[in-house]
1. Calculate how large, on average over all directions, the projected area of the Cα convex hull of region 38-97 is; give the answer in nm² to one decimal.
2. Need one word for region 22-156: rounded, prolate or oblate. Basis is the Cα gyration tensor (sqrt eigenvalues a ≥ b ≥ c); a/c below 1.5 gives rounded, then a/b vs b/c decides.
3. Grab the other residues whose beta carbon is less than 15 angstrom from that of N102, score K and R as +1, D and E as -1, and report the net.
4. Work out how much length Q53 to E71 would gain on full extension: take 0.36 nm times their residue separation and subtract the Cα-Cα distance, in nm to one decimal.
5. Taking Cα centroids, how far is region 108-157 from region 34-97 in Å?
6. What is the sum of charges, Lys and Arg at +1 and Asp and Glu at -1, for the other residues whose Cβ falls under 13 Å from the Cβ of L118?
7. Arranged by the count of other C-beta atoms within 10 angstrom, fewest first, what order do E41, E94 take?
8. Going by amide H atoms built from the backbone, whose H comes under 5 Å of the H on Y167, apart from near neighbours?
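Rule-based calculations on the coordinates, nothing more; no lab input. A quick note: this is a predicted structure, and the numbers were derived from the prediction, not measured. Glycine also receives a Cβ, built like all others from the backbone with ideal geometry; neighbour counts cover every protein chain displayed.
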Amino acid sequence: MRQGFSLIELLTVVAIIGILASVGVVGYQGYIEAVKKDTTETNGRQVARAIEQDFLSLANGLKATTELGTEMVVAGVKITSQVKAASSCYKYAENIKQYLNNRWKNPYDAGTPYAVNLHVLHSVSGASSSLKSGQIGLQCANVCEPSTGSFYLNNCSCAAGTDCALYSFTKADYDTFDTNASCPGGSCTYAEGDAPYDAYDYATSPLAATRTANGQEIWTGTSSDAANTRYVLVGPHIPGWLCPKPTTAMAANAVGCDCDNPGDPSYPCQ
């Protein structure tokens, strides 16, 4: 009777184990990536709901906010003050950034800040043109407007597993729209280089029409500006998946203009 296994049999078993292990590793990595993506998207939805709740509270004269707008003290140091009805959108965005970065972690990389104020280094004149994986970007349509004014705080999450590009949609994007019988909608045709949905969609949407009727801007600048310098403003007329570059830039590591203090030389965030 033969005792043990031959060398060929052992090598075959080792090869099979190696194949099974490699398949398991690939499956596990795919699972981890899916969890990171789902966590990023879920976190973004939670933040969006909290922002909406705060807006409704402040706009209706209530003083209470979620933790995103409350005063925050870390190690005995006051980091942020309470957001009020008269507080600017920019201040609120800063409060959110500070709170999230002190309480939440980036699902893709714990060493990378989770929340980013896109008005700093991510504007149309800034150095950075993308969000890193797992980050949430915050920006205002009108940085100095309070919750009772033309307030709109946009937030977008990067759950692609790679850097997410920020878009600089301009009046020129609107002008490159190619009409066809199936428009408007997802089947519209655009000139090469346009995103799947360009500024035409934003400018002609029902929400944009309402914004115009209320005297609110869709484009920055004046009619005399060149088309490529007239940027589309963040607002409810922009789809939730889009993350455009902000039109208002702030200095890196600066508090930014004091939107809440009319006596400040930089007021109101020009």
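1. Directional mean of the projected Cα hull area for region 38-97 stands at 4.4 nm².
2. On the way: a/c = 2.07, a/b = 1.82, b/c = 1.13.
Cα axes put region 22-156 in the prolate bin.
3. Numbers: positive: K78, K97, R103, K105; negative: E67, E71, E94.
Taking every other residue near N102 into account, the sum is +1.
4. Stretched out fully, the Q53 to E71 stretch lengthens by 4.8 nm.
5. Answer, in whole Å: 13.
6. +2
7. Numbers: E41 13, E94 24.
Ascending Cβ contact count within 10 Å gives the list E41, E94.
8. Close amide H contacts, sequence-distant or interchain: C243, K245.
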